[in-house]
Each structure stands twice: as C-alpha cells, then as structure tokens.
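Every read-out reported here was derived from the displayed coordinates using simple, explicitly stated rules and does not represent laboratory data. Predicted model only: the values in this text are computed from it and were never measured. For neighbour counting, all protein chains shown are included, and Cβ atoms are generated from backbone atoms with ideal geometry for every residue, glycine included.
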Amino acid sequence: MRLLILLGAPGSGKGTQAKSLAERLGLVHLSTGDILREEVRRGTQLGNQANQHMNAGELVPDDLILDMIKTKLVFDSMNRGFIFDGFPRTVTQAEGLGWLADEVGAGIDRVISLAVDDEVIVGRLSARSSCGVCGAIYNDVSNPPSRAGFCDNDDAALIRRSDDSEAVVRNRLTVYYQQTKPLEEYYSRRGLLLKVDGHGTTDQILTRILTSLAASGTNDRTQV
Ligand code: ADP
C-alpha cells in the first residue's frame, strides 16, 4: 500500500491538490480536517471534543487523531494507498503514523511540502468557499464559480469555513510554524521530502508535484 503525505500551511492548497492527486494516482484522499468537520456536523463524541480546538485554530489532541487514522487505515487496508492531507501535523503524529504503517505493512512513499508565502495564505483563506454537498473548493480571486455563491457541479450554495476569519487564520499559521513545520526536517532526514512551490494556478502546482514525484522515481510518468 502506497502512502503519500501532503504537508503545508493552512491555505497552501493541500486539499485542492490532494483531491487531484488522489484521482490521478488512484489513491484514497484522507483529509483529517474534512473528517473532523463531518464529525462535528454529526455531533459525535469525537466531533464535540474536536470542535472547540478547531474554532480556536488550535490542533485537536494527537491521541484522538491517531485513533481516527488507525480506524481508517485498518478499515481501508485493501486499497492501493492513501494521500494524507492535514496529517501528520506534529512529530508525535508522524511517529504514530510510522508505527501504524508498519502494522499494516505500508511504507511512506514521499512527503510533498507546498511552500506558500504567509500573506498569500491569509488572502487565499479569506476568499475561500466550498460546496456543502460535493466539497468542491472555490476562491473568489483565483478560482471563482461561474455563478457567485453557487457550486458549478451541483448548484448547491457555497459555504465559508468558520475558522477562515483573519484572526483564527493567523493563529492557525502560528500553530503551523510551531508544531507542523518541524516535520519538513523530520522527513527530510529520512530522505522522503519533496519541496514544491505552491504559488500559481492549481494546474501549474499539480504539474510541479507530478513532475517532482516522477523525477524522484515514485510516479508513473505516463500520468504526468
Ligand atoms: P487547514 O489545513 O486549512 O488548517 P484542515 O481542514 O486541514 O485545514 O484542518 C482544520 C482544523 O482541523 C485544524 O485547524 C485543526 O484544528 C484540526 N485538524 C485537522 N487535522 C488535524 C491533525 N492532524 N491534528 C490535529 N488537528 C487537526
């Protein structure tokens, strides 16, 4: 089973790229943020525990996240592999993933880190919306829907995430630098890190990622 990790600050485009990569490479897209938001919406015990942390722009405790990932990995262990989006976010989570991967006989293939300037991130997140039905992500500036406020795929109303306000975004960035950025070093030491420029259009970034994966010898070149 193949495991790819997408690292990057909030708003670096991980979610958008992970969706496209999952399709291109035949992997399951696993976004911890999406799973947590769904748990919150359904009012589960995990959702209730996670909600306060998410609204403050803080991380949800590692043990809750690792339990959640373990369930997904074991449940879906027959598929070709996963692309993780928003996980791991701390060194503890990265170590936990290492053990879980061993347990299910999988290896971490590559870790792609999307590099984007802070000011670009704050701008992107305040212009971001998504479809409540199909999950498509839009941006008022760089990727607007054809009809303002409505999804191109299914015409459902677009929604803004409650943690995309400027103050919460700034806190998410601080938390990212303190807790997640060190993972670049962690995976670089293991020879797994690919750094990719996250500026530009979504197509340009996808091409950069696929080219970089191909150059590192982990991708089927015909898919680029
Ligand atoms: P972004 O990367 O844009 O911040 P996500 O959708 O990945 O958005 O995550 C939203 C929130 O969900 C985070 O701010 C955090 O509170 C919580 N979260 C998601 N993934 C994790 C994780 N692996 N560990 C801890 N908290 C997480």
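Go through Ala22, Tyr177, Val60 and say which Cα lies farthest out towards the positive end of the charge dipole of the chain; charges sit on Cβ, +1 for Lys and Arg, -1 for Asp and Glu.
The listed residue farthest towards the positive side: Ala22.
Which length gain, in nm to one decimal place, applies between Ser126 and Thr71 when the Cα-Cα distance is subtracted from 0.36 nm times their residue separation?
Here the segment from Ser126 to Thr71 would lengthen by 16.5 nm.
Using a simple spin-label model with points 7 Å from Cα along the Cα→Cβ vector, what separation in nm is obtained for Asn79 and Ala167?
Each label point is offset 7 Å from its Cα along the Cβ direction, giving 3.8 nm.
Regarding the range 72-119, what's the average projected area of the Cα-atom convex hull, expressed in nm²? Kindly include the intermediate steps, with their values, before the conclusion.
Working: hull surface 16.7 nm².
Over every viewing direction, the Cα hull of the range 72-119 projects on average to 4.2 nm².
Along the Cα-to-Cβ line of Ala56, 7 Å from the Cα, sits a label point; which residues in the range 79-105 have backbone N less than 19 Å from it?
Within reach of a label on Ala56, which here means backbone N under 19 Å from a point 7 Å along Cα→Cβ, the range 79-105 contributes 89-90.
From the alpha carbon gyration tensor of the range 12-141, can you work out the equivalent ellipsoid semi-axes (sqrt of 5 times each eigenvalue) and give them in Å, largest to smallest?
On the way: eigenvalues 112, 73, 47 Å².
In descending order, the three semi-axes are 24, 19, 15 Å.
Looking only at Val120, Val60, Val196, which one moves most when the chain is put into a Gaussian network model with springs between Cα atoms under 10 Å?
Of the options given, Val120 has the highest mean-square fluctuation.
Rounded, prolate or oblate: which fits the chain, taking a ≥ b ≥ c as square roots of the Cα gyration tensor eigenvalues, rounded meaning a/c under 1.5, else prolate when a/b beats b/c?
Working: a/c = 1.39, a/b = 1.15, b/c = 1.21.
Rounded shape, in that the Cα axes give a/c under 1.5.
Looking at the square roots a ≥ b ≥ c of the eigenvalues of the Cα gyration tensor of the range 117-221, which shape do they give, rounded for a/c under 1.5, prolate if a/b is larger than b/c, or oblate?
It is oblate, given that a/c is not under 1.5 and a/b is not larger than b/c.
Name the residue, out of Asp118, Asp155, Asp197, whose mean-square fluctuation peaks in a Gaussian network model built on the chain with Cα pairs under 10 Å.
Looking only at Asp118, Asp155, Asp197, the biggest GNM fluctuation is shown by Asp155.
Taking 8 Å as the Cα distance limit and 6 or more residues as the minimum spacing, I'd like the relative contact order of the range 41-196 as a percentage.
Taking the mean separation of contacting Cα pairs over the length of the range 41-196, I get 30 percent.
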